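Report on one structure; see the data block that follows.
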Amino acid sequence: MATLPTVAIVGATGAVGREMLAVLEQRHFPHADLRLFASERSAGASVRYRGEPRTIQPLTERSFDRIDIALFSAGSAVSRHFAPLAVRAGATVIDNSSAFRMDDGVPLVVPEVNAAAMARLANPRRPGIIANPNCSTIILLVPLSPLRVAFGIERIVVSTYQAASGAGAKGMAELQGQTRAVLSGAAPTPEVFHEPCAFNLFSHNTPVDPATGLNVEERKMIDETRKIWNDPLVRISPTCIRVPVLRAHSESINVTFQRPATLDQVRQCLAAAPGVRLVDDRAANLFPTPLKASGEDDVLVGRLRPDPSSAPVPRTSTESRAAPGSAPHNRSAPCLSFDLFISGDQLRKGAALNAVQIAELLRE
């Protein structure tokens with residue numbers, strides 16, 4: 001874009017919308033004007049941006065006149081109705097909902113991973129829709145993608161520990177309210193979630209497919225990873241769990257490579273990866289946590305170790321392959337499977353920051 005774009009945020013009063021506003025300001029995103037839209041009940045409210053008040057406008061079908069980039073974070077129903085209208089009005093839509101992620105022709109983008117997927121929409125004269133992946137998928141793929149480039153990836157087993165922020169401002173408020181209730185001796189009352197979230201954890205609050213046993217969140221991680229990597233054969237086994245954490249998701253990962261690597265090679269690969277920060281101090285027992293990740297742009301990675309259930313790879317053709325678990329791996333022993341633990345801010349890299357980074361690529 002040769003001239004400064006006019007930017008819109010749809011869903012500007014929600015948790016992700018407010019984070020988009022903060023990220024635009026913090027990253028000094030260049031724009032001509034910024035317009036903020038929300039539902040009728042939020043219209044007229046004021047928020048501060050770059051030191052000045054900005055009024056929230058009601059979202060209508062005429063809201064996108066002279067908009068160049070529209071950041072959507074208002075749910076799938078709103079996106080399905082209004083995003084095509086925005087495109088017809090000339091805007092490129094960056095959508096944070098699941099409405100278009102698996103549509104053919106809609107790029108599903110993590111800028112550190114597959115920025116080239118959006119090349120077709122880089123021309124402002126050809127507007128379209130770019131989809132933000134699911135938060136858990138983004139946080140998973142930022143550290144795994146450089147490992148995939150270096151060593152190839154055959155299989156992923158991942159368990160998520162997902163914060164209340166994944167359900168937006170209402171989910172965070174429910175966790176806070178239930179925590180106060182329990183500490184005062186009252187029983188928690190679930191409304192946003194189907195189970196009490198305070199002092200509890202439970203299977204992710206999305207419907208479960210009776211045939212496969214996968215919930216929607218787990219299905220998203222499988223399908224979106226395959227689309228982003230353009231690899232329909234990669235094997236992924238996710239288990240998605242809600243935990244009583246206010247903000248930032250964590251994931252425990254076991255990954256099997258196609259080519260063996262040493263622990264030092266894995267560490268060096270991650271240390272050089274964009275959007276990744278190693279937090280892996282064995283001596284002090286300091287590793288990624290949601291509190292450390294909250295408010296941060298990077299995905300924190302730690303607990304790096306060879307999978308003790310996998311056999312070390314023989315160094316020579318004459319060396320016999322050890323039985324799995326027969327001896328501990330060391331830093332110099334090549335291995336095909338590794339374990340790691342990651343934490344990433346769901347509201348930032350898992351949503352708002354990723355969308356703004358896509359907008360920055362459009363500017364470039």
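The values are calculated or read from the model by the stated rules, or taken from the named source; none is laboratory data. Note that the structure is predicted; figures quoted are calculated from it, not measured. Methodologically, a virtual Cβ is constructed for each residue, glycine included, from the backbone with ideal geometry; neighbour enumeration extends over all protein chains shown. With ligands, DNA and RNA removed, areas are computed over all heavy atoms of the protein, side chains included. Shrake-Rupley method; radii C 1.70, N 1.55, O 1.52, S 1.80 Å.
A few points about this structure:
- Between amide H atoms placed 1.01 Å from N, distances below 5 Å from HIS31 occur with no residue 5 or more places distant or on a separate chain.
- About the centre of its Cα atoms, segment 156-273 shows a dipole size close to 220 debye [charges on the beta carbon of Lys, Arg (+1) and Asp, Glu (-1) only; nearest 20 debye].
- In this structure the amide hydrogen of SER337, modeled in the peptide plane, comes within under 5 Å of the amide hydrogens of PHE257, ASP307, none closer than 5 places in sequence on its chain.
- Rolling a 1.4 angstrom probe over the protein heavy atoms with all chains in place gives segment 252-308 an accessible area of 48 Å² per residue.
- Phi-derived couplings, Karplus 6.51 cos²θ - 1.76 cosθ + 1.60 at θ = phi - 60°, listed residue by residue for segment 233-248: 9, 4, 9, 9, 10, x, 10, 10, 10, 8, 10, x, 10, 6, 8, 5 Hz, with x used for Gly and Pro.
- Positive contributions from Lys and Arg (+1) and negative ones from Asp and Glu (-1), summed over other residues with Cβ under 12 Å from the Cβ of LEU291, come out at 0.
- Counting DSSP beta bridges with both ends in the chain, the antiparallel % (nearest 5): 50 percent
- Options [x] 204; [y] 170; [z] 221 - which one matches volume of the Cα convex hull per residue in Å³ as calculated here: [y]
- Whole-number percent relative contact order across segment 53-155, with pairs defined as alpha carbons under 8 Å at least 6 apart: 24 percent
- Under a 5 Å amide H cut-off, with hydrogens placed 1.01 Å from N, TYR49 pairs with ARG54 among residues at least 5 apart or on other chains.
- Helical mean residue ellipticity (222 nm; -39500 (n - 2.57) per DSSP H run of 4+; nearest 500) of the chain: -8500 deg cm²/dmol
- Ordered by 1.4 Å accessible area with all protein chains kept, LYS170, LYS292, LYS349 run largest first as LYS170, LYS292, LYS349.
- Using a probe of 1.4 angstrom and keeping all protein chains present, the accessible surface of segment 163-225 works out to 51 square angstrom per residue.
- Applying a DSSP loop filter and a limit of 16 other Cβ atoms within 10 Å to the trypsin sites (Lys or Arg not before Pro) in segment 16-55 leaves ARG27, ARG50.
- ASP95, ASP297, ASP104, ASP339, ranked by accessible area, largest first (probe 1.4 Å): ASP104, ASP297, ASP339, ASP95
- Under the criterion of Cα pairs below 8 Å and six or more residues apart, the relative contact order for segment 164-276 equals 26 percent.
- Two-site FRET efficiency, ARG303 against ALA115, from Cβ-Cβ distance with R₀ of 25 Å, rounded to 0.05: 0.30
- J(HN,Hα) series, segment 287-302, from Karplus relation 6.51 cos²θ - 1.76 cosθ + 1.60, nearest Hz, glycine and proline x: 9, x, 9, x, 5, 5, 7, 4, x, 9, 7, 7, 8, 8, 10, x
- With every protein chain in place, the chain: carbon and sulfur % of accessible area (1.4 Å): 52 percent
- In this structure, ALA272 and ALA181 have a Cβ-Cβ separation that, at R0 = 56 Å, corresponds to a calculated FRET efficiency of about 0.75.
- Only Cα pairs under 8 Å and 6+ residues apart enter the sum, and on that basis the relative contact order of the chain stands at 18 percent.
- In plain terms, the chain from SER159 to GLU25 could stretch by 44.9 nm, reckoned as 0.36 nm per residue minus the Cα-Cα distance.
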